[in-house]
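*Asks:* My questions will all concern the structure given below.
The values are calculated or read from the model by the stated rules, or taken from the named source; none is laboratory data. The model shown is predicted, which means the values in this text are computed figures rather than measured ones. Cβ placement follows ideal geometry from the backbone for every residue including glycine, while neighbour counts extend to all protein chains displayed. SASA here: full protein model, heavy atoms, side chains in, ligands and nucleic acids out. Shrake-Rupley method; radii C 1.70, N 1.55, O 1.52, S 1.80 Å.
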Amino acid sequence: IFKDLVIIDGRNHYPQDIEATVSAASTAVRAGFVAAFSVPASELPTSLPASAGAIGAGERLVIVAERGPGAGKAEPGPIVDAIRAAVSRHHALPVADVRLVAAGAIPRTTSGKLARRACRAEYLDGGLGQR
């Protein structure tokens, strides 16, 4: 059963707390439109550098953030760096992967909330942001 808790190295983290940190990390992130979840290290995309923690066992943190208004063409590097630094500082967590996606790319429930499970499933299937 997939829990909404992010458990990394035996420590529990609430995804809402991580998502709030990411929203505040950069004006290029659409506030409130961030999904944080963990995936098994063995299921991280092979395209990630080894430094992302794709080698080894356990869970790794993945963040998917929608780009904010006017940030569609912004260079992703500094945004990703700001997100990684903020999560490291506030939660003492390394981030294995940060995906910046277009507004509306994160799946929603019928009531309009972020569908974290569906987002995780799309990430693992490689179909995230391809809507």
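*Asks:* Is it the case, given these coordinates, that Ala74 is among the hydrophobic types (A, V, I, L, M, F, W, C), open to solvent by 30 Å² or more (accessible area, probe 1.4 Å) and either out of contact with any helix residue (DSSP H, G or I) (no Cβ under 7 Å at 6 or more places or on another chain) or within 21 Å of Val39 (Cβ to Cβ) (or both)?
*Replies:* Considered against the rule, which asks whether it is among the hydrophobic types (A, V, I, L, M, F, W, C), open to solvent by 30 Å² or more (accessible area, probe 1.4 Å) and either out of contact with any helix residue (DSSP H, G or I) (no Cβ under 7 Å at 6 or more places or on another chain) or within 21 Å of Val39 (Cβ to Cβ) (or both), Ala74 comes out as yes.
Yes or no, residue by residue, for (1) among the acidic types (Asp, Glu); (2) under 24 Å from Ser42 (Cβ atoms):
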position	(1), (2)
Pro76	no, no
Ile79	no, no
Arg84	no, yes
Ala96	no, yes
Thr109	no, no
Gly112	no, no
Arg116	no, yes
Glu122	yes, yes
Leu128	no, yes
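*Asks:* Also: Any idea how many residues of segment 1-31 are open to solvent by 20 Å² or more (accessible area, probe 1.4 Å), in contact (Cβ under 8 Å) with a residue 40 or more places away in the chain, closer than 14 Å to Leu100 by Cα and assigned to a strand (DSSP E or B)?
*Replies:* Final tally of qualifying residues: 1.
*Asks:* Here's another thing I want to ask about it. Could you run through segment 77-131 and say how many residues are closer than 15 Å to Ala35 by Cα, exposed (fewer than 13 other Cβ atoms within 10 Å of the Cβ) and modelled with pLDDT of 95 or more?
*Replies:* 0
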